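The structure appears right after this line, and notes come after that.
Rule-based calculations on the coordinates, nothing more; no lab input. Note that the coordinates shown come from a computational prediction; the quantities given were computed from them, not determined experimentally. Heads up, the Cβs are rebuilt from the backbone with ideal geometry, glycines too, and the neighbour counts pull from every protein chain shown.
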Amino acid sequence: MSLDTSTLYLVATMIAAMLGGMLLIFGKQENISALEWWGAAYLLGAASVGLCTIAGDSLGVTLSLALNAVGFIACGMVWNASRLFHGRKPNLPGMVFGAIAWIPIALAFPPGALAIRITIGAGIVAFYAALTAGELWTERRKPLQKRWVAILVPVMHGFVLMLPILLGHLMRPYNAKLSGNIWITGFAIELVLYAVGTVFIIFMLVSERAVTLHKTAASMDPLTRLLNRRGFVEATSRVIEREARAGRPVAVLIFDIDHFKSINDRFGHPAGDEVLILFATVVVSTLRISDLSGRIGGEEFAALLPCSLEEAVVVAERVRSAFAASGIVIESGPVDTTVSVGVAGGPAGTELEVLLASADTALYQAKRSGRNRVEAAEELPLSLESWRRKTAGLSAPVRQAPATT
């Protein structure tokens with residue numbers, strides 16, 4: 001069966017145009033600027049390819065080069081879309097650089113130097129494809145095996161977007177010979193399939209981003225922007241396991257803001273929220289970058305420190321004094337801001353639940369002793385059985401006891 005390649009190219013451009021319009025509308029509805037850039041790039045690329053395919057040689061050299069330049073801008077927009085998708089600002093000079101450089105360079109050669117123009121155009125497309133892949137390569141929050149599809153797609157996009165234009169220059173002088181070429185027909189079919197398949201890949205990236213945002217939101221306290229209890233437990237479990245493999249101790253701090261209920265009763269909940277936000281700020285600015293902190297209850301916070309009990313007590317005292325000196329003043333007067341702290345530490349592999357229980361006991365002692373103070377747990381953690389079971393398979397085989405007579 002013989003397929004007309006020009007028709008296939010037109011079908012592909014129409015699909016790309018519809019896809020671009022859909023991405024543009026969806027990007028505006030969801031306020032995702034990267035999708036808007038992708039959609040606009042598809043529309044520009046589709047217009048460029050479609051006009052080159054329909055008009056052919058009647059365009060003339062100058063207009064044909066101008067349409068090619070529009071295609072190069074579309075490639076630059078795809079690169080900028082990947083930048084926006086990963087939180088970077090668009091690079092407008094870089095986006096139009098290929099198009100600006102293309103026209104004078106192409107005009108510098110005689111009209112018959114088609115092969116040279118093809119090589120230059122392919123180089124510009126490859127340049128933008130490399131930039132796009134580079135943007136996704138630097139996205140190190142995912143392992144490589146999860147990123148390779150996202151890296152490959154923009155590279156293919158630039159290649160597929162421009163190659164029909166290049167092929168159009170080759171086909172027109174030898175249309176009779178190339179119209180039945182199996183490779184050309186196969187490529188045209190691939191272009192149609194690519195235009196349809198790309199939408200699924202882009203929405204896969206958007207869906208993955210949405211899942212990540214929801215997962216992050218589920219682990220964060222919306223008021224203080226610290227980890228909530230769930231996020232704190234998950235994050236600290238990984239740190240405890242890492243420190244245990246290195247044989248290093250860990251410590252837990254539990255903070256409870258003193259007389260917090262009376263603050264809400266006397267000054268109102270907005271003032272109480274300000275106290276919570278203030279304390280979270282003090283904790284983040286006082287702890288080290290290797291420490292983890294979270295809000296695990298109403299006015300109760302916790303922190304995990306990869307250090308000894310003695311060091312943790314020093315850090316806890318630093319947080320206590322900093323918070324006591326940072327009182328909030330509202331219209332009705334100053335708000336007393338003090339905190340009681342319980343500290344517990346254990347050897348490598350101590351379970352988080354054990355540390356939290358011991359620190360909570362120390363916190364209760366601090367409350368009973370007058371508040372606005374730091375108390376360290378006197379007793380060692382109750383159990384290391386969970387870690388021992390987990391690491392039993394890594395230890396040396398147990399020797400059998402000699403038989404008794």
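Between Met22 and Arg88, the contour length at 0.36 nm per residue exceeds the alpha carbon distance by 21.4 nm.
Along the Cα-to-Cβ line of Arg288, 7 Å from the Cα, sits a label point; which residues in the stretch 226-254 have backbone N less than 14 Å from it? Backbone N within reach: 243, 248-252.
Taking a Cβ cut-off of under 12 Å around Leu24, the surrounding Lys, Arg, Asp and Glu residues balance to a net charge of -1, with basic ones at +1 and acidic ones at -1.
The residue among Pro347, Pro334, Ala302 whose Cα reaches farthest toward the positive pole of the charge dipole of the stretch 286-372, with charges on the beta-carbon of Lys, Arg, Asp and Glu, is Pro334. Here the ratio of the Cα radius of gyration of the stretch 229-381 to 2.2 N^0.38 Å is 1.03. With a simple spin-label model that places each label point 7 Å from the Cα along the Cα-to-Cβ direction, the separation between Ala324 and Arg371 comes to 1.3 nm. If R0 is taken as 45 Å, the Cβ-Cβ distance between Thr119 and Arg248 corresponds to a FRET efficiency of 0.15. The slack between Glu300 and Glu241, meaning 0.36 nm per residue of separation minus the straight C-alpha distance, is 18.8 nm.
Were the residues from Leu63 through Ser207 laid out at 0.36 nm apart, the gain over their Cα-Cα distance would be 47.8 nm. Based on the Cβ-Cβ distance from Val314 to Trp137, what FRET efficiency comes out when R0 is 41 Å, to the nearest 0.05? Calculated value: 0.45.
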